[in-house]
Amino acid sequence: MNSINVITDNFILQSQVAELLYHNFAKDLPIIDYHNHLSAKQIAENKPIKNITDAWLQGDHYKWRAMRANGINEIFITGSTTSKKEKFLKWAETVPYTLRNPLFHWTHLELKRYFNIGELLQPSSAESIYERANAVLENKTPAQLLEDLKVEVVCTTDDPIDDLKYHKEIAQKEFYTKVLPTFRPDALLLIEKESFKNYIDKLSNVVGFSINSLNDLLKAIKSRIDFFDEVGCRLSDYGLEEIFASDYNEEDVNSIFKKRLLDSKLSKEESNVYASCILDKLCRMYHSKGWTQQFHIGALRNNNSRLLDEIGLDAGVDSIGEFPSAKAMSKLFNNLDRSNQLTKTITYNLNPSQNEVFATMMGNYSEAGIPGKMQWGSGWWFLDQKDGMEKQLNCLSNMGLLSRFVGMLTDSRSFLSFPRHEYFRRILCNLLAEDVKKGLIPNDIEFLGKMVQDISYYNAKNYFGFNT
């Protein structure tokens, strides 16, 4: 492959209107990344990552999947016996084969924005790019990498039992980027998991009292929500196959909870009733704090048990699942809305066949004075690529108010992933410009530019209230 720079100034922008919208309105805006999996510890310690393999390939299951599909031996992907350079060279060997996969665009956007490297990554350029990237990373800390791309806020993903030590440390530092926790209580819901009892013991140790009943558990949960709120948390999140919304009464749930603490096996129905109760209670607690709740729904996880056993969770062997969503979402949100306890909500579906299901569900609930209270979120995981983003933007436009959309997030573990916001902004500008070209919307650059700015930054800034 010839080493031609694919990331030009007008990458993705296919008309003069698209160019004007991106360069004049979107390009220089700060970034609010309200959902990611960055390490608060790494940011607090703020030591240079130094090696491109650590910054780029460590924990990146997108790249792992591509390398496996290219026939690369696992020892060069997650193995402990190969060097960082060997792993990078195997990734470089794979990159030319990612053409038309979003990894091809992301890879070269990141090389361009962080390292000013414009050539294509391939075996012939790999050694040089490895050395040049490492030379830049030698003196770049996580906080500097975030500031370089004007990342104003990042919201990490945190377990309710986390002491948030590193978030507290970051708050005392003079970093450009505000780093806030997000409350992720999946472990509290999944009572059927083998690890559940041990998790409740850990929660008990954190809150300082025994948890032997549903009331004890709810008291502990409230204590942790209060603590997270004090440290700056303004969002919660769930990563579930489906939403739980079975009918319940607290007496039955108390019995189910106690039964599980005695190591008795629960039926599927009992597990669902318990999870439905805890989810409902959590949502009401979030409303009392003014938090936003997020639901990531529909991943079928850990499909390859051999790699799961070898590598552990997040091995890169997850896929899109088929789970019912509409009735449970309707029931949960309606119950909360009836008692005026439905807080601001963002839903994300992984199965694209459910785009219209999610988009229309979020239009059923509203509140005076809160524009866009119920959000259908940006294309997630397998859908956060050009085609997936365009479909999400088009569906949202048809079913709701695109102008009130809170925009993009990375959902990433990498400090080098933030050019994905640029990718999204370019796609958005080009999409609007194509409508102008077709005569479907007015050719009013200032009006459209304001819309682009809102979706790219200001809607999120106003919606979450981070006080940046």
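Residue-level check: of (1) open to solvent by 50 Å² or more (accessible area, probe 1.4 Å); (2) in a loop (DSSP other than H, G, I, E, B); (3) not hydroxyl-bearing (Ser, Thr, Tyr), Ile211 misses just (1).
Sort out which residues of the range 279-294 are in a helix (DSSP H, G or I) and either buried (at least 22 other Cβ atoms within 10 Å of the Cβ) or in contact with a Leu (Cβ under 9 Å, 6 or more places away or on another chain) (or both), and write them in order of number.
We begin by selecting, within the range 279-294, every residue in a helix (DSSP H, G or I); these are 279-289.
Scanning the range 279-294 gives Leu279, Asp280, Lys281, Leu282, Cys283, Arg284, Met285, Tyr286, His287.
Once the range 214-241 is narrowed to residues that are in a helix (DSSP H, G or I) and small (Gly, Ala, Ser), the residue that is farthest from Val253 (Cα to Cα) is Ser223. Within the range 425-444, the set of residues being in contact (Cβ under 8 Å) with a residue 24 or more places away in the chain and either open to solvent by 50 Å² or more (accessible area, probe 1.4 Å) or farther than 16 Å from Leu29 by Cβ (or both) comprises Asn430, Leu431, Ala433, Glu434, Val436, Lys437, Asn443.
Within the range 214-234, the set of residues being farther than 19 Å from Gly290 by Cα, open to solvent by less than 50 Å² (accessible area, probe 1.4 Å) and either of a type outside the set (Gly, Ala, Ser) or in contact (Cβ under 8 Å) with a residue 40 or more places away in the chain (or both) comprises Leu214, Asp216, Leu217.
Checking the stated criteria, Leu89 turns out not to satisfy the condition of being open to solvent by less than 50 Å² (accessible area, probe 1.4 Å) and in contact (Cβ under 8 Å) with a residue 40 or more places away in the chain. Could you pull out every one of the helices (runs of 4 or more DSSP H) wholly within the range 305-375 that has 1 or more residues that are buried (at least 19 other Cβ atoms within 10 Å of the Cβ) and modelled with pLDDT of 95 or more? In the range 305-375, 326-338, 355-361 are the helices (runs of 4 or more DSSP H) which contain 1 or more residues that are buried (at least 19 other Cβ atoms within 10 Å of the Cβ) and modelled with pLDDT of 95 or more. Whether a residue is within 27 Å of Ser330 (Cβ to Cβ) and either touching a helix residue (DSSP H, G or I) at 6+ places or on another chain (Cβ under 6 Å) or not acidic (Asp, Glu) (or both) was assessed, and Ile243 passes this test. Selection of the range 189-208 for residues being within 14 Å of Ile161 (Cβ to Cβ) and either in contact with a His (Cβ under 7 Å, 6 or more places away or on another chain) or open to solvent by less than 10 Å² (accessible area, probe 1.4 Å) (or both) yields Phe196, Ile200, Leu203. The lone criterion from (1) assigned to a helix (DSSP H, G or I); (2) over 30 Å from Phe295 (Cβ atoms); (3) open to solvent by less than 50 Å² (accessible area, probe 1.4 Å) left unmet by Ala44 is number (2).
When the test is whether a residue is among the hydrophobic types (A, V, I, L, M, F, W, C) and under 22 Å from Ile297 (Cα atoms), Ile191 passes it. Scanning the range 49-87 for residues that are among the aliphatic types (A, V, I, L, M), more than 22 Å from Lys112 (Cα to Cα) and not in a helix (DSSP H, G or I) yields Ile72, Ile77.
Among Met408, Met451, Met389, which is modelled with pLDDT of 95 or more, aliphatic (A, V, I, L, M) and more than 22 Å from the chain's Cα centre (by Cα)? Talk me through it step by step, then tell me what you get.
On the way: Met408 fails: more than 22 Å from the chain's Cα centre (by Cα); Met389 fails: more than 22 Å from the chain's Cα centre (by Cα).
Checking each option against the conditions leaves just Met451.
Is it the case, given these coordinates, that Asn249 is under 23 Å from Met329 (Cα atoms) and polar (S, T, N, Q)? Against the criterion (under 23 Å from Met329 (Cα atoms) and polar (S, T, N, Q)), Asn249 qualifies.
Output the residue which, of all residues in the range 380-408 that are assigned to a loop (DSSP other than H, G, I, E, B) and not charged (D, E, K, R), is surrounded by the most Cβ atoms within 10 Å (Cβ to Cβ). Before you say what the answer is, go through the steps one by one.
As a first pass, look at the range 380-408 and keep what is assigned to a loop (DSSP other than H, G, I, E, B): 380, 384-385, 400-401, 405-408.
Within this subset, residues satisfying the condition of being not charged (D, E, K, R) are 380, 385, 400-401, 405-408.
Working: Trp380: 20, Gln385: 19, Gly400: 18, Leu401: 11, Phe405: 25, Val406: 24, Gly407: 23, Met408: 28.
Here the residue is Met408.
Taking Asp411 as the residue in question, decide whether it is farther than 23 Å from Phe382 by Cα, acidic (Asp, Glu) and open to solvent by 10 Å² or more (accessible area, probe 1.4 Å). No.
The values are calculated or read from the model by the stated rules, or taken from the named source; none is laboratory data. These figures come from a predicted structure and were not determined experimentally. Cβ atoms come from the backbone with ideal geometry, glycine included; neighbour counts cover every protein chain shown. Just the protein is used for accessible areas: all its heavy atoms, side chains included, with ligands, DNA and RNA removed. Shrake-Rupley method; radii C 1.70, N 1.55, O 1.52, S 1.80 Å.
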